[in-house]
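Let me begin by presenting the structure, written as structure tokens, before commenting on it.
The values are calculated or read from the model by the stated rules, or taken from the named source; none is laboratory data. Nothing here was measured: the structure is a model prediction, and the numbers come from that model. Every residue, glycine as well, gets a Cβ built from its backbone with ideal geometry; the counts of neighbours run over all protein chains shown. Surface areas here come from the heavy atoms of the whole protein model, side chains and all, with no ligands, DNA or RNA. Shrake-Rupley method; radii C 1.70, N 1.55, O 1.52, S 1.80 Å.
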Amino acid sequence: MAFPALFDALKMHLRSRGLTYAAVGRALGISEATVKRIFSTRDCSLERFAALCALVEVDIGDLARAAPRQPRLLTVLAWAQEEELIADEKLFLVAICALNQMRCEEIVAAYVFPEVEVVAMLLRLERLGILELHAGNRIRLSVARSFAWIPDGPIMRYVRGQMGDYFDHPFTAPDEGMRIVNVRLSAAARTALLGRLEQLARECSEQHAADAVLPLTDRPVASVCLAVRHWEPRRFERWLRPVNGLK
């Protein structure tokens with residue numbers, strides 16, 4: 001059996017449950033080296049793959065739905081599409097719910113919209129190319145895991161307008177945190193840092209896909225803000241000397 005995307009999705013389930021290759025090997029009665037080989041070659045018998053799925057309590061259908069599809073999937077919307085989306089906050093909310101892999105019935109249960117209104121908005125999102133709505137109001141996303149909003153587009157401008165609400169929070173809960181690190185870095189170091197942030201963003205997306213099979217109550221919403229820019233508080237600028245390119 002050789003379906004690389006399924007092995008990648010299964011690997012995320014192992015990671016989300018804290019299962020090492022050694023632990024998997026002990027559970028299945030095989031060596032750690034064999035487990036490593038399975039995931040490095042992305043190949044094994046169907047029986048062994050089924051055993052791996054059983055270990056993390058997921059079926060192949062779930063993995064197929066969570067696995068990345070072909071590059072034809074959207075990685076970004078057009079400017080006009082973002083404008084249409086942000087012009088209707090209800091539509092934008094339902095879009096975010098769909099991107100968070102909430103089912104139609106979960107959206108209806110979580111918000112005060114009647115089902116007929118949610119379905120109508122999902123159909124609008126289908127016309128925008130964000131998703132496909134199938135029988136039984138089943139949602140299938142049409143966006144890639146690398147999907148992102150236009151950097152300075154309508155939606156990111158809207159999001160920046162909400163930053164006061166986002167940061168007006170102590171970030172003291174056990175599963176919360178915020179750090180601001182002010183440093184001076186070379187251009188090469190900044191480029192490397194941005195690469196690591198992109199990798200972290202991909203890992204967040206992959207983990208999101210892996211956890212999509214869990215009940216909604218077991219995966220509360222989390223917002224991760226990743227940003228790098230030239231910045232220091234404006235109050236400091238009055239003390240800068242106009243030399244050495246610092247002002």
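Please go through the range 133-145 and pick out each residue that is open to solvent by 60 Å² or more (accessible area, probe 1.4 Å) and at negative phi.
Passing the criteria: His134, Ala135, Arg138, Arg140, Arg145.
Take the residues in the range 184-213 that are touching a helix residue (DSSP H, G or I) at 6+ places or on another chain (Cβ under 9 Å) and more than 19 Å from Ser146 (Cβ to Cβ), then tell me which one is most open to solvent (accessible area, probe 1.4 Å).
Selected residue: Leu185.
Give me a count of the residues in the range 95-109 that are within 20 Å of the chain's Cα centre (by Cα) and either part of a helix (DSSP H, G or I) or over 13 Å from Pro220 (Cα atoms) (or both).
Adding up the residues that qualify gives 9.
Name the single residue, out of those in the range 193-232 being small (Gly, Ala, Ser) and not in a helix (DSSP H, G or I), that is farthest from the chain's Cα centre (by Cα).
The selected residue is Ala227.
Collect the residues in the range 44-56 that are surrounded by 15 or more Cβ atoms within 10 Å (Cβ to Cβ) and in a loop (DSSP other than H, G, I, E, B), keeping them in residue-number order.
Passing the criteria: Cys44, Val56.
Being touching a Lys or Arg at 6+ places or on another chain (Cβ under 9 Å), under 24 Å from Ala201 (Cβ atoms) and aromatic (Phe, Trp, Tyr) is the requirement here; does Phe39 meet it?
Spelling it out, Phe39 is indeed touching a Lys or Arg at 6+ places or on another chain (Cβ under 9 Å), under 24 Å from Ala201 (Cβ atoms) and aromatic (Phe, Trp, Tyr).
Scan the range 93-119 and report the pairs whose first residue is touching a residue at least 40 places away in the same chain (Cβ under 8 Å) and whose second residue is surrounded by 15 or more Cβ atoms within 10 Å (Cβ to Cβ), with Cβ atoms within less than 6 Å and a gap of 6+ or a chain change.
Ala98/Leu131; Ala98/Ile139; Gln101/Ala212; Glu106/Leu216
Could you say which residue among Leu123, Leu46, Leu93, Leu128 is under 25 Å from Leu14 (Cβ atoms) and among the aliphatic types (A, V, I, L, M)?
The match here is Leu46.
Just for the range 1-43: of the residues that are modelled with pLDDT under 85, outside any helix (DSSP H, G or I) and small (Gly, Ala, Ser), which one is surrounded by the most Cβ atoms within 10 Å (Cβ to Cβ)?
Ranking the qualifying residues of the range 1-43, first place goes to Ala2.
Please enumerate the residues belonging to the range 74-103 that are open to solvent by less than 40 Å² (accessible area, probe 1.4 Å) and either touching an Asp or Glu at 6+ places or on another chain (Cβ under 7 Å) or more than 19 Å from Pro215 (Cβ to Cβ) (or both).
Within the range 74-103, Leu77, Glu82, Leu85, Ile86, Leu91, Phe92, Val94, Ala95 meet the criteria.
Name the residues in the range 146-175 that are open to solvent by less than 80 Å² (accessible area, probe 1.4 Å), closer than 20 Å to Arg219 by Cα and within 20 Å of the chain's Cα centre (by Cα), would you?
If the condition is that a residue be open to solvent by less than 80 Å² (accessible area, probe 1.4 Å), closer than 20 Å to Arg219 by Cα and within 20 Å of the chain's Cα centre (by Cα), then Tyr166 is the only one that fits.
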